[in-house]
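Step one of this worksheet: look at the structure below.
The values are calculated or read from the model by the stated rules, or taken from the named source; none is laboratory data. Quick caveat: nothing in here was measured; it's all calculated off a predicted structure. To get the accessible areas, we keep the full protein, side chains included, count just its heavy atoms, and leave off ligands, DNA and RNA. Shrake-Rupley method; radii C 1.70, N 1.55, O 1.52, S 1.80 Å.
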Amino acid sequence: MAPIPGSGLAKGLAVTLRTMTKKTVTEQYPDVQPDLPPRSRGVIGLFEENCTVCMLCARECPDWCIYIDSHKETVPAAAPGGRERSRNVLDRFAIDFSLCMYCGICIEVCPFDALFWSPEFEYAETDIRDLTHERDKLREWMWTVPAPPALDPGAEEPKELAAARKTAEKLAAAAEAEPREGDA
């Protein structure tokens, strides 16, 4: 059966009329902040105290947009006769958000939980060269990172916590079983 001439035009006009009669859902963005979903990806925050300058994030980044500079410092021995240790000290940690594709690989590979997703999304700059944000700015965004979601109440207790609880109960039972000085 051949289509009726002009039926496509009529369907298109019907869609247009239906859309015109619906109430708009435009949010007035600068005045009203949007409700973001939990754990949304905005920018990457740096918890500098956890960073050991292992360079995993920079090595795994597919865009090579993470820049890290460090130097070694010698830490004196903790005990007399001990050996001096050396540790890496972070000098520069920067992310070029004009190159970043927000894949999250750097956050996933960080073994020390130094990188987190922040829901902050208002970081536009007038010049693309200003989109390289240094560690001070990344540290500021760290404080906007929401707390992780609560654990499922029906989930089983983690093995580490269960073992620690059992050990504490055994120690408490052993302490009660010991005779007290005044009980003789």
Of the candidate values [x] 1.78; [y] 1.31; [z] 0.95, the one computed for Cα Rg over 2.2 N^0.38 Å from this structure is [x]
In whole Hz, the Karplus estimates of ³J(HN,Hα) for segment 67-84 (6.51, -1.76, 1.60; θ = phi - 60°; x where Gly or Pro) are 10, 10, 10, 8, 9, 9, 10, 8, 9, x, 4, 6, 10, x, x, x, 9, 5
Going residue by residue through segment 138-143, the Karplus relation 6.51 cos²θ - 1.76 cosθ + 1.60 with θ = phi - 60° gives ³J(HN,Hα) values, rounded to whole Hz and with x marking Gly or Pro, of 5, 5, 4, 5, 4, 7
SASA check, residue 116, accessible area w/ 1.4 Å probe, all protein chains in place, rounded to nearest 10 Å², comes out at 50 Å²
The helix 7-21 Cα axis meets the longest alpha-carbon principal axis of the chain at an angle in degrees, between 0 and 90 and rounded to 10, of 60 degrees
Heavy-atom accessible area of residue 22, protein chains in place, probe 1.4 angstrom, given in Å² to nearest 10, is 140 Å²
The helix 159-177 Cα axis meets the longest alpha-carbon principal axis of the chain at an angle in degrees, between 0 and 90 and rounded to 10, of 30 degrees
Full extension between residue 9 and residue 26 adds, at 0.36 nm per residue less the Cα distance, a length in nm of 3.4 nm
Classified through the alpha carbon gyration tensor (a ≥ b ≥ c as square roots of its eigenvalues; rounded if a/c is under 1.5, else prolate when a/b is larger than b/c, else oblate), segment 1-65 comes out oblate
For segment 47-162 the mean separation of alpha carbon contacts under 8 Å (6+ apart) over residue count, i.e. relative contact order in percent, is 27 percent
For residue 132 the rounded accessible area (nearest 10 Å², probe 1.4 Å, non-protein molecules ignored) is 40 Å²
